[in-house]
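S.K.: First, the structure itself, so that you have it in front of you.
Please treat every number below as a calculation from the coordinates, not as lab data. The structure displayed is predicted, hence computed values, not measured ones. Here Cβ is always computed from backbone atoms with ideal geometry, including for glycine, and neighbour counts include all displayed protein chains.
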Amino acid sequence: MEKHWSLDQTGVCTCNKTYIHAAKAKHLMTDLISKRTKPLLMIFLATLVLFTLSDSEKSQSQVEQLLLPLIGCWEGEALKTPRGALPYPVCFKRLDDGTLYGLAKLNVSDHHWYFYLNNKKSRLRFMSTFADNLKPVNLPATKLQARHIEFSTAPFSNEHASQLHIAIDKVHKGYLFTMTLQGVEHVIIRLAEKIPMKGSTTKTREAQN
């Protein structure tokens, strides 16, 4: 549309009504675009947040899917220790705060396993009471896969391995725990068979009858 304007005696620009209406229409269109864009922008931001949360929840559920089947009691075996192969009976349970806790009562010491699954980053607090030790070690999760997770203490320097490294693999019908001290394989624990809960045999027979 052609603009019609002129200067009056005072030097003020005067526009005809057609141009004024066109200018109003232009501003109205800008307002409409702005009003339509804002909701779309809000939807985009909300979607972005949901995707971010879903990734976090997916990672968390992957940890739970890997470790929660530990719940129960196992007739485990320490395949490798400084003292040779030893039985490794251990029981895991879910605490009220969501922590997965395991206790292995051994002849020479007790092993306490605390898996924290509800934090933004999972971690393991492990304590062996060998030689009257009562100081736990905290190990952040450093690697996570569908059937494999690793926990490591920070290395003393870039040239040295982690002081303690624990890898947990979900294998056929059980788990394999590999503990490494300063880069040297120290203990290998195999959990292959769960101990049946009391009453489970009776219930199974009743179900079969």
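S.K.: Could you work out how much longer the chain between Leu181 and Glu193 gets when fully extended? Use 0.36 nm per residue separation minus the Cα distance between them, nm to one decimal.
M.R.: Length gained, Leu181 through Glu193: 1.6 nm.
S.K.: Another one. Cβ neighbours within 10 Å, averaged per peptide: list 86-93, 128-135 in order, most packed at the top.
M.R.: In decreasing order of mean packing, 86-93, 128-135 become 86-93, 128-135.
S.K.: Full extension from Lys143 to Asp96: what is 0.36 nm times the residue separation minus their Cα-Cα distance, to one decimal in nm?
M.R.: The Lys143-Asp96 span can extend by a further 14.3 nm.
S.K.: Counting only residues 5 or more places away or on other chains, whose amide H sits under 5 Å from the amide H of Ser109 once H atoms are built in the peptide plane?
M.R.: Amide H neighbours of Ser109, under 5 Å, 5+ apart: none.
S.K.: With a point put 7 Å past each Cα toward its Cβ, work out how far Lys135 is from Leu103 in nm, to one decimal.
M.R.: According to this spin-label approximation, the distance is 2.4 nm.
S.K.: Here's a follow-up. What's the FRET efficiency of Ser61 with Lys173 using the Cβ-Cβ distance as r and R₀ = 25 Å, to the nearest 0.05?
M.R.: 0.65
S.K.: Near the amide H of Ile195, under 5 Å away, which other amide H atoms are found, from residues 5 or more places off or on another chain, if H is placed in the peptide plane?
M.R.: Result for Ile195 returns Cys73, Trp74, Glu75.
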